[in-house]
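The values are calculated or read from the model by the stated rules, or taken from the named source; none is laboratory data. Nothing here was measured: the structure is a model prediction, and the numbers come from that model. Positions of Cβ are backbone-derived with ideal geometry, glycine not excepted, and every protein chain shown enters the neighbour counts. To get the accessible areas, we keep the full protein, side chains included, count just its heavy atoms, and leave off ligands, DNA and RNA. Shrake-Rupley method; radii C 1.70, N 1.55, O 1.52, S 1.80 Å.
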Amino acid sequence: MMSMNTYPYLINGQWQESTTNETIELVSPYTEEVVGSVQAMSRDEVDEAIHGAKRAQQEWAALPVNKRAELLYAWADKLEERVDEIGQIIMREVGKNLSDAKKEVVRTAEIIRYTAEEGLRFTGGFMQGDSFPGGSKNKMAIIKKEALGVVLAISPFNYPVNLAAAKIAPALITGNAVVFKPATQGAISGVKMVEALQDAGLPSGLLNLVTGRGSVIGDYLTSHPGIDMITFTGGTGTGQHLSQQASMVPVVLELGGKDPALVLEDADLTLAADQIVSGAFSYSGQRCTAIKRVFVLEHQADELVGMLKERVEKLSVGSPVDNSFIVPLIDKKSADYVQGLIDDAVNKQATVVHGNERDGNLLHPTLLDHVTREMRVAWEEPFGPVLPIIRVSSLDEMIELTNESEFGLQASVFTQNVNNAFTVADKLDVGTVQVNGRTERGPDHFPFIGVKQSGLGVQGIGRSLETMTRDKVTVINL
Ligand SMILES: NC(=O)C1=CN([C@@H]2O[C@H](COP(=O)(O)OP(=O)(O)OC[C@H]3O[C@@H](n4cnc5c(N)ncnc54)[C@H](OP(=O)(O)O)[C@@H]3O)[C@@H](O)[C@H]2O)C=CC1
Ligand SMILES: O=C(O)[C@H](O)COP(=O)(O)O
């Protein structure tokens, strides 16, 4: 008999306990109490999940796309009906404040609906041979979009519902089956999200949910011959490792970042300060797209730092239950890592403008000035509430520091001159440049890309449909 707080995995429509009799306890980042346990699945069970998905896929792909869209619309409705319950689970499991946790569920429903709509309009094409030299009008190609088969979706802890659904929904609408492996810390939110999908009428086996430590079953999953495509969001180290495991299947990776804010001489400093603080500190900086360093010209730095300090001092710090802006980090290891970056910078003479206080996993928002390139925090991704200010002598230096990073997710450029904005944007080696706004993924139909060590391939609703399908060409010779 399973205890109330022990969550099963899902294979072929059946919620089950693992024959390993092993479960993994998940501890809340802020109460440090056990939220629940998930199953540590065996390899045989993982095999069953993949084979079950394979069996379900062909029938699903054969359905008219409008029928597939019905499932997604129903799923979005079911998620919205459970927004309070799932929001609470996200809060308890990953420590996101309650308001943001509920917003995540609502945003997920919106992504799913938009994906269904895009899916309805997503078709192949037609080509005529005579546009190529020597070609003929009598040779015509009909290009259809076909599903790849079984998509393996692996998600991280920080958006346990949203980032998972952003992979699952495009896979399903294009006729793929899914094996979904949530982050272990985030797996209960994943279970709840999948329950909603099942309530919406998920065909048996079409999505199978596997749980267990990535370090134990991850390689087995990613190198499994039954997997036809992998879509992954998580740390750069994990992503690099995964891409070496996978063989001959498309892989999309959304990885870490070190997004800079470049504050140009003609920037509106009030706007820049507002956007930088919101971008750097929401969910305590546990966003791949968080602003993770600021470049400002020496002669404007005092003014900007003063404005940032004023805002950072006002951020509420505490419990996600009280909707605090700054909440405890996901676990002690992460908090220790961020503290290590702060300590290194302070030892190398960075100035603590605010913060550098710690209460367990709760790190107060920390603003560091006079950060130099010799400090680790200038280059490493903290995934926590610390913002380094790097004073520079020229715009060229800002561009150079941006491009020197191993990461290339996004960058913010603050300027009131549109020509400067485009000139600088073109020189930055990142996936997306935000002009006069914080770095962020949304709106979710925009392409979302990481270059260099920040990723491979592209997500974003329309682009995800492309990456989860292949062209099938039939040529007619009249
Ligand atoms: N660019 C982007 O879009 C985003 C990037 N991120 C990045 O993710 C990181 C934080 O998320 P976090 O969850 O800690 O990332 P991890 O890389 O630790 O984990 C991500 C996922 O990978 C799984 N995993 C672990 N090892 C393996 C393996 N060998 N094979 C396959 N899967 C494996 C994890 O499972 P388990 O939990 O069981 O270990 C989890 O489901 C940050 O670096 C952040 O920048 C986060 C969000 C968005
Ligand atoms: O995982 C992340 O950090 C997200 O992809 C960021 O999403 P956001 O920019 O919309 O918060």
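Which one is farthest from ligand 2 (Cβ to nearest atom), of the residues in segment 271-294 that are surrounded by fewer than 23 Cβ atoms within 10 Å (Cβ to Cβ) and more than 23 Å from the chain's Cα centre (by Cα)?
The residue in question is Leu271.
Go through segment 215-235 and count every residue that is closer than 20 Å to Asn176 by Cβ and within 16 Å of ligand 2 (Cβ to nearest atom).
Residues that pass the stated criteria total 3.
Of the conditions (1) within 16 Å of ligand 1 (Cβ to nearest atom); (2) open to solvent by less than 10 Å² (accessible area, probe 1.4 Å); (3) of a type in the set (A, V, I, L, M, F, W, C), Ala166 fails just one. Which one is it?
Every condition holds for Ala166 apart from (2).
Can you find a residue in segment 208-230 that is away from ligand 1 (no atom under 15 Å from the Cβ), of a type in the set (A, V, I, L, M, F, W, C), farther than 21 Å from Gly457 by Cβ and modelled with pLDDT of 95 or more?
The answer is no, given that none of the residues of segment 208-230 is away from ligand 1 (no atom under 15 Å from the Cβ), of a type in the set (A, V, I, L, M, F, W, C), farther than 21 Å from Gly457 by Cβ and modelled with pLDDT of 95 or more.
If I go through segment 39-67 residue by residue, how many of them are among the polar types (S, T, N, Q), more than 26 Å from the chain's Cα centre (by Cα) and not in a helix (DSSP H, G or I)?
The number of residues fulfilling the criteria is 1.
May I ask you to list pairs of residues, at least six apart or on different chains, whose Cβ atoms are under 8 Å apart, with the first in segment 346-357 being more than 17 Å from Glu374 (Cα to Cα) and the second being part of a strand (DSSP E or B) and of a type in the set (A, V, I, L, M)?
So the pair list comes out as Val353/Leu367; Val353/Leu368; Val353/Ile389; His354/Leu367; Gly355/Leu363; Gly355/Leu367; Gly355/Val386; Glu357/Leu363.
If you scan segment 203-246, which residues turn out to be open to solvent by less than 40 Å² (accessible area, probe 1.4 Å), of a type in the set (Gly, Ala, Ser) and part of a helix (DSSP H, G or I)?
If the condition is that a residue be open to solvent by less than 40 Å² (accessible area, probe 1.4 Å), of a type in the set (Gly, Ala, Ser) and part of a helix (DSSP H, G or I), then Gly214, Gly218, Gly239 are the ones that fit.
Would you check which residues across segment 295-332 are open to solvent by less than 50 Å² (accessible area, probe 1.4 Å) and among the aromatic types (Phe, Trp, Tyr) and list them?
Within segment 295-332, Phe295 is the sole residue that qualifies.
Does Glu104 count as more than 26 Å from Glu254 (Cα to Cα), assigned to a helix (DSSP H, G or I) and either open to solvent by less than 50 Å² (accessible area, probe 1.4 Å) or at pLDDT 95 or above (or both)?
Criteria not met by Glu104.
Since Gln349 meets every condition but one in (1) under 30 Å from Thr31 (Cα atoms); (2) open to solvent by 50 Å² or more (accessible area, probe 1.4 Å); (3) not hydroxyl-bearing (Ser, Thr, Tyr), which condition does it not meet?
Condition (1) is where Gln349 drops out.
Taking the condition of being part of a helix (DSSP H, G or I) and closer than 30 Å to Leu98 by Cβ, how many residues in segment 285-313 meet it?
So the answer is 8.
For segment 428-449, which residues satisfy the criterion of being within 12 Å of ligand 1 (Cβ to nearest atom) and polar (S, T, N, Q)?
Those that are within 12 Å of ligand 1 (Cβ to nearest atom) and polar (S, T, N, Q): Thr432, Thr439.
Going by the structure shown, is Thr402 hydroxyl-bearing (Ser, Thr, Tyr) and touching a His at 6+ places or on another chain (Cβ under 8 Å)?
No: the conditions fail for Thr402.
Please specify each residue of segment 314-346 satisfying the condition of being in a helix (DSSP H, G or I) and small (Gly, Ala, Ser).
Ser334, Ala335, Gly340, Ala345
Among the listed residues Glu70, Glu93, Glu110, identify the single one that is assigned to a helix (DSSP H, G or I), among the acidic types (Asp, Glu) and crowded, with 20+ Cβ neighbours inside 10 Å.
Glu93
Could you tell me which numbered condition Asp336 fails, if it satisfies all but one of (1) within 16 Å of ligand 1 (Cβ to nearest atom); (2) open to solvent by 30 Å² or more (accessible area, probe 1.4 Å); (3) in contact (Cβ under 8 Å) with a residue 24 or more places away in the chain?
(3)
Taking interchain pairs and intrachain pairs at least six residues apart, which have beta carbon atoms under 6 angstrom, with the first residue in segment 149-178 and within 19 Å of Val210 (Cβ to Cβ) and polar (S, T, N, Q) and the second in a loop (DSSP other than H, G, I, E, B) and more than 12 Å from ligand 2 (Cβ to nearest atom)?
Qualifying pairs under 6 Å: Ser155/Pro182; Asn176/Leu148; Asn176/Met468.
Would you check which residues across segment 250-270 are more than 16 Å from ligand 2 (Cβ to nearest atom) and either free of Cβ contacts under 8 Å to residues at least 24 places away in the same chain or not in a loop (DSSP other than H, G, I, E, B) (or both) and list them?
Correct list: Val251, Leu262, Val263, Leu269, Thr270.
Going residue by residue through segment 178-198, is there one that turns out to be open to solvent by 10 Å² or more (accessible area, probe 1.4 Å) and within 16 Å of ligand 2 (Cβ to nearest atom)?
Among the residues of segment 178-198, at least one is open to solvent by 10 Å² or more (accessible area, probe 1.4 Å) and within 16 Å of ligand 2 (Cβ to nearest atom), which makes the answer yes.
Return yes when Ile142 is among the aliphatic types (A, V, I, L, M), away from ligand 1 (no atom under 16 Å from the Cβ) and surrounded by fewer than 18 Cβ atoms within 10 Å (Cβ to Cβ) and no when it is not.
When the stated conditions are applied, Ile142 passes them.
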